[in-house]
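Comments concern the structure below.
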């Protein structure tokens, strides 16, 4: 059995850590994941359901839950990926980030959700071809952004990171860009129009 300690981890880390643990299985085995909230338990239940794995859970304390997922060895992949491995790129998927938060409601929660979205995006097997940042989304590619590390990792794996030059100028961010390149509205329209799928968090 492999134990994953996800106590205190925000979404989507419990799911990501559990997936990584299952990828490392060398024989049919069980992964035990410890989490501290029922939402994380439900997320893991949905993961197990989507993959056809066994699932059970128990509440151990006020803020501790034990989740067991059973899967075949290397359910998601077999062995370790070679150093030069890069997940397949879904070339015509474009992500459009138009604000520094995700959804409507509390701004602090919205920023947390968007940070989680960008992190989770980098954990997918199929990556987008490009992520476009415009209007308030331009703040995400600049100095002070909590998502810089995740965006640099995506860029390093072949995802094009582009920020609207007009937006950077408007917000006084032109000298603070820290990841990706600068684009214009013509190119933004071109990439959105040419995409098979556009994701707008």
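The values are calculated or read from the model by the stated rules, or taken from the named source; none is laboratory data. Small disclaimer: the values here were computed from a predicted structure and weren't measured. Cβ sites come from the backbone with ideal geometry, for glycine too, and all protein chains shown count toward neighbours.
If you scan the range 49-68, which residues turn out to be more than 11 Å from residue 31 (Cα to Cα) and not in a strand (DSSP E or B)? 49, 50, 51, 52, 62, 63 - these are the residues of the range 49-68 that are more than 11 Å from residue 31 (Cα to Cα) and not in a strand (DSSP E or B). Picking from residues in the range 3-33 that are surrounded by 15 or more Cβ atoms within 10 Å (Cβ to Cβ) and more than 23 Å from residue 122 (Cα to Cα), the one that is modelled with the highest pLDDT is 32.
Just to be sure before I move on: is residue 162 surrounded by 20 or more Cβ atoms within 10 Å (Cβ to Cβ) and in a helix (DSSP H, G or I) in the structure I sent? So that I can check it myself, show each step before the final result.
Details: surrounded by 20 or more Cβ atoms within 10 Å (Cβ to Cβ): yes; in a helix (DSSP H, G or I): no.
Criteria not met by residue 162.
Against the test of being at pLDDT 95 or above and either surrounded by 15 or more Cβ atoms within 10 Å (Cβ to Cβ) or not in a loop (DSSP other than H, G, I, E, B) (or both), the options 144, 137, 172 yield a single qualifying residue, 137. Of all residues in the range 147-159, those being buried (at least 19 other Cβ atoms within 10 Å of the Cβ), free of Cβ contacts under 8 Å to residues at least 40 places away in the same chain and touching a strand residue (DSSP E or B) at 6+ places or on another chain (Cβ under 9 Å) number 2.
Scan the range 53-75 residue by residue and report those that are under 22 Å from the mean Cα position of the chain (by Cα) and either modelled with pLDDT under 85 or loosely packed, with under 14 Cβ neighbours inside 10 Å (or both). Within the range 53-75, 74, 75 meet the criteria.
If you check residue 31 against the conditions, is it within 20 Å of residue 10 (Cβ to Cβ) and either in a helix (DSSP H, G or I) or not assigned by TED's automatic domain parsing to the domain that holds residue 17 (or both)?
Working: within 20 Å of residue 10 (Cβ to Cβ): yes; either in a helix (DSSP H, G or I) or not assigned by TED's automatic domain parsing to the domain that holds residue 17 (or both): no.
So residue 31 fails the test.
Among the numbered conditions (1) crowded, with 17+ Cβ neighbours inside 10 Å; (2) more than 25 Å from residue 112 (Cβ to Cβ), the only one that residue 190 does not meet is (1).
Please verify whether the range 179-193 includes one or more residues that are assigned to a helix (DSSP H, G or I), closer than 20 Å to residue 13 by Cα and either assigned by TED's automatic domain parsing to the domain that holds residue 97 or at pLDDT 95 or above (or both). Checked against the condition, which is being assigned to a helix (DSSP H, G or I), closer than 20 Å to residue 13 by Cα and either assigned by TED's automatic domain parsing to the domain that holds residue 97 or at pLDDT 95 or above (or both), the range 179-193 yields no hits at all.
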